[in-house]
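Input: a single structure, listed below in structure tokens.
Bear in mind these aren't lab numbers, they're just calculated from the coordinates by the rules spelled out. None of the values given here were measured: they were computed from a predicted structure. Reconstructed Cβ throughout: ideal geometry from the backbone, glycine too, with neighbour counts over all protein chains shown.
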Amino acid sequence: MQPTWSAVDDYLINELHAPDPILDHAIANCQAAGLPEIQVSETLGKFLHLLARIHHAQRILEIGTLGSYSTIWLARALPPEGALITIELDPAHAEVARANLDSADVSDRVDLRLGAALDILPQIESEGASAFDFIFIDADKPSNVAYLEWAVKLSRSGSVIVLDNIVRDGAIIDTDSADEKVQGSRAALEWLGNHPQIESTAIQTVGAKGYDGFAIAVVK
Ligand code: SAH
Ligand code: DHB
Ligand code: MG
């Protein structure tokens, strides 16, 4: 089904998205630098952008920048006084991300923090930053529960949390999976479903990036 999913994605993008040389350039830079091609699809990127706009998000937190493809989509949803913090562990990824953020002209709104998210998140808290309206979690999957705990800590009532890659070609339902990414995402879904302060669901997706999905949650 992959050729059909990709062809339909092409069709939808052709009908609904304007040509975007800046984002094409960002993807080309990621490829040229040999980054893994695990950024969100173009339709999920625009979906996140629209969601942040619909939510009137002014403060966005992203965990897992890669080459800043999703970061650019999200930063473009911000009003001029808005701000986005994105956290990336790998210095080589962060270097590509910085160049792409500059080219996309969103560096004024984006604060890219280099380091392990579980080191950076306590720093953000101790800086006394005001709550994030929208949080996108898309880094190492075994840490997903820890990231969700931080997301709630840095939220307000009404904050939206999106957690990427929770279907993984259907592997998510394999209770005995030896894949730590699957187990990390399973633990995250269980955590979401049991948290008294969270209302959530998840959506399966197919398209150019294969078969996967995301969870979406609102903090009560
Ligand atoms: N959000 C990006 C894709 C992120 S891929 C997009 O859709 O465009 C996941 C990223 O998380 C990788 O760049 C990886 O280096 C980073 N990462 C992995 N472990 C991390 C950690 N402990 N802290 C912060 N970032 C991490
Ligand atoms: C992986 C991570 C991602 O963020 C993604 O979108 C796809 C795959 C991974 O670590 O395998
Ligand atoms: Mg992802």
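Listed values, structure above:
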quantity	calculated
In region 49-127, the GluC sites (Glu not before Pro) that fall in loop regions by DSSP, at most 15 other Cβ within 10 Å	Glu81, Glu127
Rh (Kirkwood; distinct C-alpha pairs) - the chain, Å	17.6
Highest average packing first - 97-109, 190-202, Cβ atoms within 10 Å	97-109, 190-202
Beta bridges by DSSP in the chain, antiparallel share as percent, to the nearest 5	45
Per-residue HN-Hα couplings for region 33-50 [Karplus 6.51, -1.76, 1.60; θ = phi - 60°; Hz; x = Gly/Pro]	7, x, 5, x, 8, 10, 5, 4, 5, 4, 6, 5, x, 6, 4, 4, 4, 5
Amide H within-cut-off set for Gly213, under 5 Å, with H built and near neighbours excluded	Asn165, Ile166, Val167, Arg168, Thr205
Relative frequency of Cα-Cα separations exceeding 16 Å in region 133-194, percent	41
Karplus-derived 3J(HN,Hα), 6.51/-1.76/1.60, for each residue of region 79-94, Hz, glycine and proline x	x, x, 8, x, 8, 10, 9, 10, 10, 9, 7, 8, x, 5, 5, 4
Dipole of the chain, positive end: most advanced residue of Ile198, Gly115, Leu66 [Cβ charges, Cα centre]	Ile198
Integer Hz, Karplus 6.51/-1.76/1.60 couplings in order for region 172-186, x for Gly and Pro	4, 8, 7, 4, 9, 3, 8, 7, 5, 5, 4, 5, x, 6, 4
Nearest-20 debye value, region 131-220 charge dipole, Cβ charges on Lys, Arg, Asp, Glu	300
Compactness of region 80-123, expressed as Rg and Dmax over alpha-carbon positions, Å	10.9, 30
Estimated dipole of region 2-219 in Debye, rounded to 20 [Cβ of Lys and Arg +1, of Asp and Glu -1, Cα centre]	460
Radius of gyration, Dmax [region 1-124; alpha carbons; angstrom]	14.7, 45
